[in-house]
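A short worksheet on the structure shown next.
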Amino acid sequence: MRKDREMDLATIIDSKDKIFEWFALIFIFVFGVLLFVWGIYSFVSFFRQIFKLFKPVKGKMFDCLSCGSYISNEAHHCPHCGHHYGQKYPTPLAILMLFLFGGMGIGLGTYAFLAVLDLYMEL
């Protein structure tokens with residue numbers, strides 16, 4: 001009778017370990033997919049910023065968001081109401097950071113996916 005209880009306890013512990021292993025496997029897979037998607041999105045933003053550097057938008061006009069005045073696209077602020085539009089072209093630091101984040105996201109996402117495959121083969 002005592003051996004049956006010990007065997008049941010061992011079976012329960014083994015099943016809990018298997019559930020934990022599957023949960024960890026799913027968590028790592030989802031985390032890896034999110035990292036990979038984040039890396040792809042960063043690379044897309046990187047290339048958009050690069051193309052924006054080579055495609056100037058001089059001479060175009062738009063309506064001010066605050067007062068509705070017609071102002072130049074090159075303006076950093078509205079001459080009528082003073083609404084600030086910031087820098088029109090990306091900084092080199094932003095481009096570098098997008099490239100680094102893209103590489104890091106794709107690399108870590110791929111590593112997580114390979115880790116999931118390795119863990120799956122062990123199960």
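The values are calculated or read from the model by the stated rules, or taken from the named source; none is laboratory data. Fair warning: this is a prediction, and the values are worked out from it, not measured in the lab. Heads up, the Cβs are rebuilt from the backbone with ideal geometry, glycines too, and the neighbour counts pull from every protein chain shown. In case anyone asks, the SASA skips ligands and DNA or RNA and just uses the protein heavy atoms, side chains included. Shrake-Rupley method; radii C 1.70, N 1.55, O 1.52, S 1.80 Å.
Hey, among the residues in the range 70-123 that are of a type in the set (Ser, Thr, Tyr) and at pLDDT below 90, which one's most open to solvent (accessible area, probe 1.4 Å)?
Of the range 70-123, the ones of a type in the set (Ser, Thr, Tyr) are 70, 72, 85, 89, 91, 110-111, 120.
Checking the rest, the ones that are also at pLDDT below 90 come to 70, 72, 85, 89, 91, 120.
Details: TYR70: 144, SER72: 40, TYR85: 48, TYR89: 82, THR91: 54, TYR120: 121 Å².
Checking each candidate, the answer is TYR70.
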Set PHE36, PHE47: member being under 21 Å from GLY103 (Cα atoms) and touching a helix residue (DSSP H, G or I) at 6+ places or on another chain (Cβ under 6 Å): PHE36
Selection within the range 65-123 - closer than 28 Å to PHE54 by Cβ and aliphatic (A, V, I, L, M): LEU65, ILE71, ALA75, LEU93, ALA94, ILE95, LEU96, MET97, LEU98, LEU100, MET104, ILE106
Among the candidates PHE23, PHE36, PHE31, PHE51, residue that is open to solvent by 50 Å² or more (accessible area, probe 1.4 Å), without any contact (Cβ under 8 Å) to a residue 24 or more places away in the chain, closer than 30 Å to MET121 by Cβ and of a type outside the set (Lys, Arg): PHE23
Breaking point among (1) farther than 30 Å from ALA115 by Cα; (2) assigned to a helix (DSSP H, G or I); (3) modelled with pLDDT under 80; (4) β-branched (Val, Ile, Thr), for ILE50: (3)
Residues of the range 50-72 that turn out to be within 18 Å of LEU100 (Cβ to Cβ) and not aliphatic (A, V, I, L, M), as a count: 0
